Amino acid sequence: MEALSFGQYQLIYNAFSFGIAAMLAATLFYWLGLSQIAPKYKLAVIITGLVTFIAGYHYLRIFDSWESAFTVMDGSVELTGVAFNQAYRYVDWLLTVPLLLVELILVMSLTKSETVRKSVTLGGAAALMILLGYPGEVSGGIDGTRFIWGALSMIPFLYIVYSLFVGLSESINSQPGEVRGLINLARWVVVLSWSFYPLVYFLPFVIPMDGGTATVVIEVGYTIADVVAKAFFGVLIFMIAFRKSQSPATA
Ligand code: RET
């Protein structure tokens with residue numbers, strides 16, 4: 001990790017603080033709203049809250065690790081020698097990314113065997129994607145190692161995007177009218193917010209930038225993507241579950 005300017009240090013510090021607040025508030029919102037949800041959809045909403053709770057915990061740890069990595073005095077930022085722990089993000093994603101897909105699948109109320117099959121294949125691909133990205137991220141440099149692991153991780157990523165678009169489109173058409181639009185939107189939010197991660201990962205290769213700028217792009221970029229992919233996506237899941245709970249046909 002390179003030394004940062006005071007502004008760069010602060011920007012990342014505040015992004016992490018925003019991450020903690022957004023994830024913990026989202027958790028409260030979903031769980032406090034559980035009484036509005038029919039029993040059939042409670043599991044999807046409980047998992048939605050678990051995802052943001054796990055993320056809120058990890059943002060607390062990330063924030064802590066960030067503070068330990070630097071000393072700030074009179075506006076000058078120095079490295080303490082304690083490494084900033086990149087692994088928290090990947091541990092978080094390993095747990096939450098498969099759960100996010102399971103959320104989407106559960107709220108669609110498919111048949112039991114289809115639910116299990118889709119959860120296992122998509123959840124498994126998501127876990128593989130994160131495991132393959134990890135060695136590239138922690139290697140530190142913007143170099144060949146980062147590029148190759150990132151490229152390998154793109155394979156399961158593209159499989160997931162493909163499955164969501166082609167595989168789930170059929171099930172979406174059989175959904176009740178009042179939630180079809182919302183489920184379609186949730187599918188788009190997954191694809192667009194998830195595409196943001198590889199974009200952030202590869203951006204320093206495309207646009208030459210110094211180490212400090214690359215750190216800001218990566219940390220702030222992942223944080224924004226996390227809030228959209230977990231907290232905002234969770235609100236959509238909550239709304240789908242809520243509408244289905246209100247409708248006599250699906251409750
Ligand atoms: C990596 C490595 C480079 C290639 C790809 C990646 C994809 C990461 C994704 C992460 C999604 C995380 C979510 C988190 C929280 O909700 C690992 C950056 C494709 C898609 C959704």
Exercise. When we measure straight from the Cα of residue 244, which aspartates and glutamates land under 16 angstrom away, once same-chain ones fewer than 8 places off are left out?
Worked result: 103, 178
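Counting only protein heavy atoms and a 1.4 Å probe, tell me what percentage of the range 55-175's accessible area is made up of carbon and sulfur. Walk me through the numbers before you get to the answer.
Working: 3820 of 5770 Å².
The nonpolar share, carbon plus sulfur, comes to 66 percent.
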For this session: Net charge near residue 69: determine it from the other residues with C-beta under 13 Å of the C-beta of residue 69, scoring Lys and Arg +1 and Asp and Glu -1.
Result: -4
Problem set entry | Placed amide H near residue 70: partners under 5 Å, 5+ positions off or other chain | 80
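Kindly rank 103-110, 219-226 from highest to lowest mean number of other beta carbons found within 10 Å of each residue. The partial results should precede the final answer.
Values: 103-110: 22.4, 219-226: 20.1.
Ranking the peptides 103-110, 219-226 by packing returns 103-110, 219-226.
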For this session: Give me the accessible area per residue for the chain, probe 1.4 Å, as a whole number in Å².
Result: 46 Å²
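Can you give the helix-only mean residue ellipticity at 222 nm for the chain, where every DSSP H stretch with n ≥ 4 adds -39500 (n - 2.57) and the sum goes over all residues, rounded to the nearest 500 deg cm²/dmol?
Result for the chain: -26500 deg cm²/dmol, rounded to the nearest 500.
The values are calculated or read from the model by the stated rules, or taken from the named source; none is laboratory data. Please read these numbers as outputs of a predicted model, since none were measured by experiment. A quick note on method: Cβ atoms are made from the backbone with ideal geometry, for glycine too, and the neighbour counts reach across all protein chains shown. Only protein heavy atoms, including side chains, enter the accessible area calculation; ligands, DNA and RNA are left aside. Shrake-Rupley method; radii C 1.70, N 1.55, O 1.52, S 1.80 Å.
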